[in-house]
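**Q** Can you keep this structure in mind? I'll have questions shortly.
A short reminder: the numbers here are calculations on the coordinates, not readings from a lab. Because the structure is predicted, anything quoted here is derived from the model rather than measured. Don't worry about glycine lacking a Cβ; one is built from the backbone with ideal geometry, like all the others, and counts go over all protein chains shown.
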Amino acid sequence: MARIIMIGNRKGGVLKTTTTVNLGYELSKLGKKVLVIDFDSQADATKFFTSTDKEFYIGNALLDRKFDIEKTIYKAEIKDTEQDNLHFIPSRGGDVMTKLDIDMISLPRREERLKLQLEKIANKYDYILIDTNPGTSVLGLNAVMAATEYIFPTEYKEHSLDGVETLLEHIQDVKFIEEDEIKFLVVPSKIAKSEKRAIAYGEGYLKSRWVENTSKTTIWARSLFTEAEFEHEPASITNPGHVAASFYKKLAMEVDNA
Ligand SMILES: Nc1ncnc2c1ncn2[C@@H]1O[C@H](COP(=O)(O)OP(=O)(O)O)[C@@H](O)[C@H]1O
Ligand SMILES: [Mg+2]
């Protein structure tokens, strides 16, 4: 059965999408079968995996229980090469995801629909990663309900750490469980080595709050990721020899061993 991991934080720009895409790719390179689901209306993760519009998207499977979710799954294309171990379910840009959210409000079992659809395919994957947006919505609830665990990328800033706290509280409310019953990993992300004060603050916060749940891997601030984003590809494809290309390889091994 797949480990279903929601990548989340109530703050934007903390590397949710970068983490989803790069971690998904590196897990697939470890020989794991990976499915990435793009739940964000900006469709950023989708852009990493294809340059063409696909016929179906996640909404088809959420609105109609009889819709075969397999039809929404596509092979990721990286440098125009289809990946065997890395698949994705696209999001849609514009207002499509907002409309989907509104359409779902009045539907029965509206919060469980992703979970119920994923049960049909979970035996085909080792990992299902869900990239989410910062907001609250019916779609967000679906991601929380479907996930068996969580990754929270965070900067060493008050707002990003607050974003983790708020989301953790939300997960407890939605799943009706306590924090120590949630499987999660906090990943320090976009950390600039020169910002000593932020590092002292962030490390202190994580040590006092989530010492057991903080990743050993730090995603340092590096321009390689911005370059890779321009190319719509994982960082280790853009520059395999670069030190930053190893960050998500390390994180993938850490996640896979957890
Ligand atoms: N390690 C990094 N260092 C510096 N910038 C990064 C790094 N990784 C990603 N970025 C850039 O930071 C921006 C926000 O990242 P993104 O993953 O889109 O955040 P989110 O999905 O949380 O909104 C993007 O433009 C991305 O290219
Ligand atoms: Mg994003």
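**Q** Can you work out the Karplus-derived ³J(HN,Hα) for every residue in region 79-93? Use 6.51 cos²θ - 1.76 cosθ + 1.60 with θ = phi - 60°, whole Hz, and x for glycine or proline.
**A** For region 79-93, the Karplus curve yields 6, 6, 10, 6, 8, 6, 9, 10, 10, 8, 10, x, 9, 10, x Hz.
**Q** Looking at the calculated P(r) for the chain, what percent of the C-alpha pair distances fall above 26 Å?
**A** 36
**Q** With each run of n ≥ 4 DSSP H residues scored as -39500 (n - 2.57), what mean residue ellipticity at 222 nm is computed for the chain after dividing by its residue count and rounding to the nearest 500 deg cm²/dmol?
**A** Working: 11 runs with 107 residues, N = 258.
That comes out to -12000 deg cm²/dmol.
**Q** Decide, for region 45-164, between rounded, prolate and oblate: order the square roots of the alpha carbon gyration tensor eigenvalues as a ≥ b ≥ c, take rounded if a/c falls under 1.5, and otherwise choose prolate if a/b is larger than b/c, else oblate. Could you put the intermediate results ahead of the total?
**A** On the way: a/c = 1.45, a/b = 1.09, b/c = 1.33.
Verdict is rounded for region 45-164.
**Q** To continue, here is another question. Pop out the ³J(HN,Hα) list for region 112-120 in order, Karplus 6.51 cos²θ - 1.76 cosθ + 1.60 with θ = phi - 60°, rounded to Hz; leave Gly and Pro as x.
**A** Each residue's phi maps through the Karplus curve to give 10, 5, 5, 3, 5, 5, 5, 4, 6 Hz.
**Q** Looking at the square roots a ≥ b ≥ c of the eigenvalues of the Cα gyration tensor of region 114-258, which shape do they give, rounded for a/c under 1.5, prolate if a/b is larger than b/c, or oblate?
**A** Oblate, because a/c is 1.5 or more while a/b does not exceed b/c.
**Q** Mind checking which aspartates and glutamates have their Cα closer than 17 Å to the Cα of K54? Skip sequence neighbours fewer than 8 apart in that chain.
**A** Within the straight-line cut-off, K54 pairs with D38, D40, D44, D68, E70, E77, D80, E82, D95.
**Q** Now for a separate question. Cβ under 14 Å from S41's Cβ, S41 left aside: what net charge do those residues give with Lys, Arg +1 and Asp, Glu -1? Walk me through the numbers before you get to the answer.
**A** Values: positive: K16, K47, R92, K99; negative: D38, D40, D44, D95, D101, D103, D131.
Residues close to S41 contribute a combined charge of -3.
**Q** Separate question: Could you tell me what percent of the DSSP beta bridges with both partners in region 3-257 are antiparallel, to the nearest 5?
**A** Taking every DSSP beta bridge within region 3-257, about 15 percent pair in antiparallel fashion.
**Q** Still on this structure: Check which residues have an amide H placed less than 5 Å from T214's amide H, if you skip close sequence neighbours.
**A** Hits under the 5 Å cutoff: V186.
**Q** Remind me, relative contact order of region 3-257 in percent, using alpha carbon pairs under 8 angstrom and six or more residues apart? Display every interim value, and only then the final one.
**A** Working: 462 pairs, mean separation 67.7, N = 255.
Contact order relative to length: 27 percent.
**Q** Could you state the number of Å between the C-alpha centres of region 163-221 and region 1-80?
**A** Measuring centre to centre over Cα atoms gives 23 Å.
**Q** Let me ask something additional. For the chain, list the DSSP H helices whose alpha carbon atoms reach 18 Å or more along the long axis and whose average Kyte-Doolittle value is -1.0 or above?
**A** Helix filter hits for the chain: 16-29, 158-175, 196-210.
**Q** Within straight cross-link reach of K196, meaning Cα distance under 21 Å, which lysines are found once same-chain residues fewer than 8 apart are removed?
**A** K157, K207, K216
**Q** Counting only other residues whose beta carbon sits under 9 Å from that of E155, what net charge do I get with K and R as +1, D and E as -1?
**A** +3
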